[in-house]
Amino acid sequence: MNPYAILNQNKYQCVSDGIIRSLLENCETASHILILVWPQLGDFDSLEYAWWLQREAQKLASQKLAIRAVGIGNLASGRRFCEYSGFPPENLFVDPNGELHRQLNLYSGLNFSLPGLSQSQKAWLNLLLMCAGIGSPGTLAEVFRGYKGDSYGALRYRKAPQLIGDDEIIQATPLPAFQGSFFQLAGGSGFQRPFELATLRLRNMVEVLKNWQTYVPNSAYLTQRGGTFLFDTKGQLLYEHRDPGILGFAANMSQPLSFLSLIETHHCT
């Protein structure tokens, strides 16, 4: 079935008011519709994706793009997610058991098991294996990129932008608070510096671990991956990305939202 038809026929609980409604409600005046099907709301990918959307919020608003996200969790996890990430609660919906992910045939993650393991224990085992790159292609390379940055490549190979402003104060326990200009010591500015992305990921990890029960009410779905779907207002699918593993939420992780250039191309056709 076409992804748009699946999304159009499903209703989920909206984080802003708890009302169950269609994902596509109030999208009639948008030029395009971006549907983000996220894993657990406490997942690295969900939080990092939301960070990129916040970073580009002004530009996205000018494109009249309707953005809706569905994450695995409940109202409490959704509200905590929005409070921390800044993602609009009226645009976030929760799916407690990943039913939409299964309907869209998104990657459920590694499915290795040992005798005697509970469903939760099995999920934890497979999550750890995926973090090590097993059944999760590209994960280790992306982890290393977070530490390495683009500093050691020639200028023409620097693809990732600077992520932390020089005047920004970074709070990432257990590190002491420090100013973003500190990253200039690693080689300059205007591109992703060493440890810059890793610092943002550390901040996300600390947030989730401090509020684990809120973010992950059911650990059975820890390995479930998400997907990205961009439609025009007629429901035509313009772009899709199905996450192959952890930290694989975009085809271009250096510029995760670069696929939105298709909107300008579509306007011109």
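Before moving on, here are some points about what is shown:
- Considering residues of segment 1-43 that are in contact (Cβ under 8 Å) with a residue 60 or more places away in the chain and among the polar types (S, T, N, Q) only, the residue farthest from V216 (Cα to Cα): S31
- Among the residues of segment 163-195, those identified as within 22 Å of the chain's Cα centre (by Cα) and open to solvent by less than 20 Å² (accessible area, probe 1.4 Å) are L163, I164, I170, A172, F191, Q192, R193, P194.
- Only residues that are buried (at least 19 other Cβ atoms within 10 Å of the Cβ), over 15 Å from G248 (Cβ atoms) and in contact with a helix residue (DSSP H, G or I) (Cβ under 6 Å, 6 or more places away or on another chain) were counted across segment 108-142, and they come to 1.
- I72 vs. criteria closer than 24 Å to R201 by Cα, crowded, with 18+ Cβ neighbours inside 10 Å, touching a Gly at 6+ places or on another chain (Cβ under 8 Å) and β-branched (V, I, T): yes
- Test for R68: is it within 17 Å of N211 (Cα to Cα) and touching a helix residue (DSSP H, G or I) at 6+ places or on another chain (Cβ under 6 Å): no
- Subset of segment 221-252 (residues that are farther than 19 Å from F81 by Cα and open to solvent by 20 Å² or more (accessible area, probe 1.4 Å)): T233, K234, Q236, L237, L238, Y239, E240, H241, R242, P244, A251, N252
- Pick from segment 1-30, criterion part of a loop (DSSP other than H, G, I, E, B) and touching a helix residue (DSSP H, G or I) at 6+ places or on another chain (Cβ under 7 Å), ranking: most open to solvent (accessible area, probe 1.4 Å): S16
- Candidates in segment 31-48 are the residues that are outside any strand (DSSP E or B) and touching a helix residue (DSSP H, G or I) at 6+ places or on another chain (Cβ under 9 Å); of these, the one that is surrounded by the most Cβ atoms within 10 Å (Cβ to Cβ) is L41.
- Among the helices (runs of 4 or more DSSP H) confined to segment 196-269, the ones with at least 1 residues that are basic (K, R) and within 15 Å of the chain's Cα centre (by Cα) are located at 196-210.
- Among the numbered conditions (1) within 15 Å of the chain's Cα centre (by Cα); (2) open to solvent by 60 Å² or more (accessible area, probe 1.4 Å); (3) of a type in the set (A, V, I, L, M, F, W, C), the only one that F93 does not meet is (2).
The values are calculated or read from the model by the stated rules, or taken from the named source; none is laboratory data. Predicted model only: the values in this text are computed from it and were never measured. Virtual Cβ from ideal backbone geometry, glycine too; neighbours counted across all protein chains shown. To get the accessible areas, we keep the full protein, side chains included, count just its heavy atoms, and leave off ligands, DNA and RNA. Shrake-Rupley method; radii C 1.70, N 1.55, O 1.52, S 1.80 Å.
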